[in-house]
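Notes follow once the structure below has been shown.
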Protein chains: 2
Amino acid sequence: MVTTPIDIVEPSKPNERARKMAIIDTDIHNDVPSDETLYRYLPDRWRRYHEMIGLRGFYGTSYPRASRNAARHDAWPPSGLPPGSDLGFVQSQLLDTWDIEYGVLNCLRAAGRQQNLEYGAALARALNEWQVEDWLEPEPRLRASMVVPYEDGDLAAEEIDRASQHPGFVQVLVTARTSEPLGRRRYWKLYEAAARNNLPVGIHFGGTGGRPLTGAGWPSHYLEDHAGMPQAFQAQVISLVCEGVFERFPELKIVLIEGGLAWIPPLAWRLDRSWERLREEVPYLSHPPSGYIRKHFWITTQPMEEPPQAKYFRQLLEQLDSNDRLLFATDYPHWDFDNPDRALPSHLPPPLRRRILADNARALYRFEA
Amino acid sequence: MVTTPIDIVEPSKPNERARKMAIIDTDIHNDVPSDETLYRYLPDRWRRYHEMIGLRGFYGTSYPRASRNAARHDAWPPSGLPPGSDLGFVQSQLLDTWDIEYGVLNCLRAAGRQQNLEYGAALARALNEWQVEDWLEPEPRLRASMVVPYEDGDLAAEEIDRASQHPGFVQVLVTARTSEPLGRRRYWKLYEAAARNNLPVGIHFGGTGGRPLTGAGWPSHYLEDHAGMPQAFQAQVISLVCEGVFERFPELKIVLIEGGLAWIPPLAWRLDRSWERLREEVPYLSHPPSGYIRKHFWITTQPMEEPPQAKYFRQLLEQLDSNDRLLFATDYPHWDFDNPDRALPSHLPPPLRRRILADNARALYRFEA
């Protein structure tokens, strides 16, 4: 039972009649008072599983034990606030420690995927106003993605136009799992508004479209969600290209956030080959799909695939042909945080390292040097 | 209206009363007599689309205009039978023309995905008996995958044990899109039976699990199904590894058919990295996921990704580290048939070409030389 003030009613005294008659209550809810109680009855293996993953039903989890608990252990600030919610601690633990020039906030509160669209729009607006007041105004090193009710084109466009009035917003945020593939018409007004306001659209790991992550149904493990999320990113890249979104919005830029990058060359090769044989189905495409991918997509580094040999990583970068569109990211304060000193392979040539660590992002988001 | 004998009833004469009273029939079905009638009203663009793709609802298509029409134009035999159904023509057009030593039949009739499981089992058995009689017995160069009701472990195992008595069956066939990811318990009896009978399990392009192909919902185009099918294959590889299927059935061999291959190294890298951090979730895995992939998976060549540079293809083969597990396939009689003379890149060293064209398959399926 969820106890909220609305549930509290004055208990009435039992009357005589009730005391004389048998009563059967056929709906009483009980619950374990805490995880610890549950753990007394759970085998060790599944107790550890609950601590690690939490509950994982037929919706998938974006992060083990929900977003807040998915943090690095040391990311809980002394203030007692949840990780990522205390500006002072973010400043000292992240921005100051690593001397970060600019940071882009991606608030993952699920305003964009509320079934009540007006409620989602209200949440998005509230979150953006809070971001301005508590993050962008007090800290000049921070910029933010705007949270939008992305499942409705009109509501999303309205919030994009409104929030764009603050220069601290540099991106529109959606998730990799949406109700429909992102190329479809329901999202076009979002792109129109993003292009009108010169904002890239960031597609971030996670989300819940109400459907399984895979084309073969619901997987059993969080590990499968984590390793399998590129499936959703692949669907989005294919959809955005095949629906002609970039013919319609030639200035639109897409940033793939936390989706990896090694799957992109194979996808482009296969898509080009399929397109050669099926191009009649998408006659509005003026050139092979790989050209759209190379021109319109930026990619963040966290988490980067780590090939077993340095040589394979160099091959990957060569095949990807996107040295000016790779963007460094830490994913702070999440558990799979990338340390800026160690995240990029040590064998990267310094000019490329410089581009990835800052220059590419500075150019994309038009940050002042 | 579908007219079947069961619908034919003797028309009764209208009676007086009916003639005097107004009659409103609120359920009468009409249909265009032929595609040509429809085409008189369809704009050219969509008439060509219908000719090319057919109807494509919220289930996805495995092949444009259903399987039979997806054939090469020249694969319709003079007998008037549908492509792939006339042994004599298959012998002359495929086996004799290319001097093929052995050919593995993969009959794609959808026995495995019937909602009525007993019906599916009966269909599978019928198809396998027909394959023995009309294909395996008359033509010694042919072998076949057995069709099985793969969504039920007991029924599938029963048919595997039964059909295995004929030496012409060399593989168990399932599709890339299943109701649940193939690592889950419902499929374990199928693997147990396959391992017991020394049969690899082939996972073929296509299928319909009742859910969209992508983690972001239903795509608009067949092109997106075709280029996006590796998403389903990725889910299956991840699931088979993460559920510990290969710890349980150490001899099990999986053949990925018509799913491409370039996505495999990136998937293995990401999966290894996720596993390093989340291995507690799958404690029965004795080593990194990439080890299972290298040991248990074979891959057919059609359709192979075609990187824009020969160098990238050589890099891919090196990263894949599977020269002894690549199997040539034509996909005859389908529209995207691979010509044995031209399908493999011309720069492949002859020993590797020999392996891919025949030696690897001979070893896997234990064909006599």
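The values are calculated or read from the model by the stated rules, or taken from the named source; none is laboratory data. Just so it is clear, the structure is predicted and the values come from calculations on it, not from any experiment. Because the Cβ atoms are built from the backbone with ideal geometry, glycine has one as well, and the counts that use them run over all protein chains shown.
Observations on the model:
Residue-by-condition table, conditions (1) touching a His at 6+ places or on another chain (Cβ under 7 Å); (2) modelled with pLDDT of 75 or more; (3) more than 22 Å from A:LEU223 (Cβ to Cβ):
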site	(1), (2), (3)
A:ARG17	no, no, yes
A:ARG47	no, yes, no
A:SER67	no, no, no
A:ALA70	yes, no, no
A:HIS73	no, yes, no
A:PRO78	no, yes, yes
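- For first residues located in the range B:83-108 and on the phi > 0 side of the Ramachandran plot, partners that are outside any loop (DSSP other than H, G, I, E, B) and surrounded by fewer than 18 Cβ atoms within 10 Å (Cβ to Cβ) and lie 6+ apart or on another chain with Cβ distances below 9 Å form the pairs B:GLY84/B:ARG68.
- Residue identified as more than 7 Å from chain B (Cβ to nearest Cβ), farther than 22 Å from B:CYS242 by Cβ, crowded, with 24+ Cβ neighbours inside 10 Å and in contact with a Ser or Thr (Cβ under 7 Å, 6 or more places away or on another chain) among A:ILE264, A:ILE293, A:ILE257: A:ILE257
- Residues that are within 11 Å of another protein chain (Cβ to nearest Cβ) and part of a loop (DSSP other than H, G, I, E, B), drawn from the range A:269-290: A:VAL282, A:PRO283, A:TYR284, A:LEU285, A:PRO288
- In the range A:169-207, the residues that are assigned to a strand (DSSP E or B), more than 14 Å from every other protein chain (Cβ to nearest Cβ) and among the polar types (S, T, N, Q): A:GLN171
- A:ASP338 among the acidic types (Asp, Glu) and touching a Ser or Thr at 6+ places or on another chain (Cβ under 8 Å): yes
- Among residues that are more than 14 Å from chain A (Cβ to nearest Cβ), farther than 19 Å from B:VAL255 by Cβ and in contact (Cβ under 8 Å) with a residue 12 or more places away in the chain, B:LEU142 is not included.
- Filter pass, A:ALA232 being in contact with a strand residue (DSSP E or B) (Cβ under 8 Å, 6 or more places away or on another chain) and surrounded by 22 or more Cβ atoms within 10 Å (Cβ to Cβ): yes
- Considering the range B:319-328, and only residues there that are of a type outside the set (Ser, Thr, Tyr) and part of a loop (DSSP other than H, G, I, E, B), the residue that is surrounded by the most Cβ atoms within 10 Å (Cβ to Cβ) turns out to be B:PHE328.
- Unmet requirement for B:TRP275, which otherwise passes all of (1) within 28 Å of the chain's Cα centre (by Cα); (2) touching a residue at least 12 places away in the same chain (Cβ under 8 Å): (1)
- Candidate set from the range A:208-229 (those that are crowded, with 24+ Cβ neighbours inside 10 Å and more than 7 Å from chain B (Cβ to nearest Cβ)); member that is farthest from A:VAL255 (Cα to Cα): A:ASP225
- Some residue of the range A:80-96 being closer than 17 Å to A:VAL172 by Cα, touching a Lys or Arg at 6+ places or on another chain (Cβ under 7 Å) and buried (at least 19 other Cβ atoms within 10 Å of the Cβ): no
- Scanning the range A:267-286 for residues that are crowded, with 23+ Cβ neighbours inside 10 Å and among the basic types (Lys, Arg) yields a single hit, A:ARG270.
- Hey, A:ASP161 surrounded by fewer than 22 Cβ atoms within 10 Å (Cβ to Cβ), more than 11 Å from chain B (Cβ to nearest Cβ) and within 17 Å of A:ALA126 (Cα to Cα) or not: yes
- Which numbered condition A:PRO308 fails, given (1) modelled with pLDDT of 95 or more; (2) over 19 Å from the mean Cα position of the chain (by Cα): (1)
- Among the conditions (1) without any contact (Cβ under 8 Å) to a residue 40 or more places away in the chain; (2) in contact with a Gly (Cβ under 7 Å, 6 or more places away or on another chain), the only one that B:PRO349 does not satisfy is (2).
- Taken across the range A:303-311, residues that are buried (at least 17 other Cβ atoms within 10 Å of the Cβ), acidic (Asp, Glu), within 12 Å of another protein chain (Cβ to nearest Cβ) and assigned to a helix (DSSP H, G or I) do not occur at all.
- Residues being more than 21 Å from the chain's Cα centre (by Cα) and in a loop (DSSP other than H, G, I, E, B) - total across the range B:329-369: 12
- Extreme residue, farthest from B:ARG366 (Cα to Cα), among residues of the range B:156-176 that are among the polar types (S, T, N, Q) and in contact with a strand residue (DSSP E or B) (Cβ under 9 Å, 6 or more places away or on another chain): B:THR175
- Qualifying residue in the range B:54-64 (condition: at pLDDT below 80, part of a helix (DSSP H, G or I) and among the polar types (S, T, N, Q)): no
- Residue match in the range B:236-244 (condition: more than 7 Å from chain A (Cβ to nearest Cβ) and in a loop (DSSP other than H, G, I, E, B)): yes
- Filtered residues of the range B:317-346 (kept if among the aliphatic types (A, V, I, L, M) and within 14 Å of chain A (Cβ to nearest Cβ)): B:LEU317, B:LEU320, B:ALA343
- Taken over the range A:135-163, residues that are under 30 Å from A:ASP99 (Cβ atoms) and not in a loop (DSSP other than H, G, I, E, B) amount to 9.
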